[in-house]
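The structure appears right after this line, and notes come after that.
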Amino acid sequence: MSNVLEKYLPSHAVEPCFELIKMNHVHLKIVNERQTRHGDYRKDAQGFHLITINANLNKYRFLITLIHEIAHLVAFQKFGRNIKPHGVEWKHTFQRLMVPFIRPEIFPNSVLSLVANHFRNPTASSDTDARLAYALKQFDERKPDVYFIHEVPNGSLFRIKNGRIFQKIGLRVKRYECTEMSSGKTYLFNANAEVEIIPN
């Protein structure tokens, strides 16, 4: 298992993650990309702790996602199944499990302080922390025709993953106002949303 983890995790995180997996009797499955989530945890009918993580995540996001899902398992075991999935018990568990990994040997300087700041009060998804999500995306393998929405010129048309087409209007506080071409409705996008520019 540790040989497999070396492909997906920063090298200094492999052994401590392997220990967490063994200690909590996790069945880890690395799966094809899912649009709606980076990973998930569930206990199956036989009582096995199953964690799935998307294979396409970069090493730093894979680490955060793995610890996020192990935190669900540990919080449910400690506090019972009636707690909120991303409530206070999970947050404290996630913080405690993540702290040993917030080190310069594991995270590069460009994201270390953002990770440390995020884990003062972690959210259900690190994607909602726009600065951290953008910093982590710098380590993704990006397709050449994919841009972050903040890189798209105002007035340009772009397509999102599900094929819907929008026109970028401009920045409104922290998010970008865009008009959907088919409905005329206005939507707000985070700066780190990935889109495909449609040439004029």
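The values are calculated or read from the model by the stated rules, or taken from the named source; none is laboratory data. All of these numbers come straight from a predicted model, not from anything done at the bench. Note that we place each Cβ from the backbone using ideal geometry, even for glycine, and neighbour counts take in every protein chain shown.
Going through (1) surrounded by fewer than 18 Cβ atoms within 10 Å (Cβ to Cβ); (2) touching a residue at least 24 places away in the same chain (Cβ under 8 Å); (3) not small (Gly, Ala, Ser) one by one, Val115 falls short only on (1). For the structure I just gave you, tell me whether Ser126 is small (Gly, Ala, Ser), at pLDDT below 95 and under 23 Å from Phe18 (Cβ atoms). When the stated conditions are applied, Ser126 passes them.
Annotation: Arg103 fulfils all but one of (1) assigned to a loop (DSSP other than H, G, I, E, B); (2) touching a residue at least 24 places away in the same chain (Cβ under 8 Å); (3) outside the structural domain of Leu66 (by TED's automatic domain parsing); the unmet one is (3). Among the residues in the range 134-141, are any in contact with a strand residue (DSSP E or B) (Cβ under 9 Å, 6 or more places away or on another chain), free of Cβ contacts under 8 Å to residues at least 24 places away in the same chain and not assigned by TED's automatic domain parsing to the domain that holds Arg61? There is no residue in the range 134-141 that is in contact with a strand residue (DSSP E or B) (Cβ under 9 Å, 6 or more places away or on another chain), free of Cβ contacts under 8 Å to residues at least 24 places away in the same chain and not assigned by TED's automatic domain parsing to the domain that holds Arg61. The condition of being on the phi < 0 side of the Ramachandran plot and part of a helix (DSSP H, G or I) does not hold for His86.
If I go through the range 150-170 residue by residue, how many of them are without any contact (Cβ under 8 Å) to a residue 12 or more places away in the chain and either crowded, with 16+ Cβ neighbours inside 10 Å or closer than 17 Å to Ala133 by Cβ (or both)? Total satisfying the criteria: 1. Residues satisfying the criterion are present in the range 80-98 (criterion: touching a residue at least 12 places away in the same chain (Cβ under 8 Å) and among the aliphatic types (A, V, I, L, M)).
Taking the conditions exactly as written (of a type in the set (A, V, I, L, M), within 19 Å of the chain's Cα centre (by Cα) and surrounded by 14 or more Cβ atoms within 10 Å (Cβ to Cβ)), does Leu20 satisfy them or not? Break it down stepwise before answering.
On the way: of a type in the set (A, V, I, L, M): yes; within 19 Å of the chain's Cα centre (by Cα): no; surrounded by 14 or more Cβ atoms within 10 Å (Cβ to Cβ): yes.
Against the criterion (of a type in the set (A, V, I, L, M), within 19 Å of the chain's Cα centre (by Cα) and surrounded by 14 or more Cβ atoms within 10 Å (Cβ to Cβ)), Leu20 does not qualify.
With respect to the conditions (1) farther than 11 Å from Leu66 by Cα; (2) touching an Asp or Glu at 6+ places or on another chain (Cβ under 7 Å), Lys43 lacks only one, and its number is (2).
Do we have Phe94 as in contact with a His (Cβ under 8 Å, 6 or more places away or on another chain), surrounded by 17 or more Cβ atoms within 10 Å (Cβ to Cβ) and under 17 Å from His118 (Cβ atoms) here?
Criteria met by Phe94.
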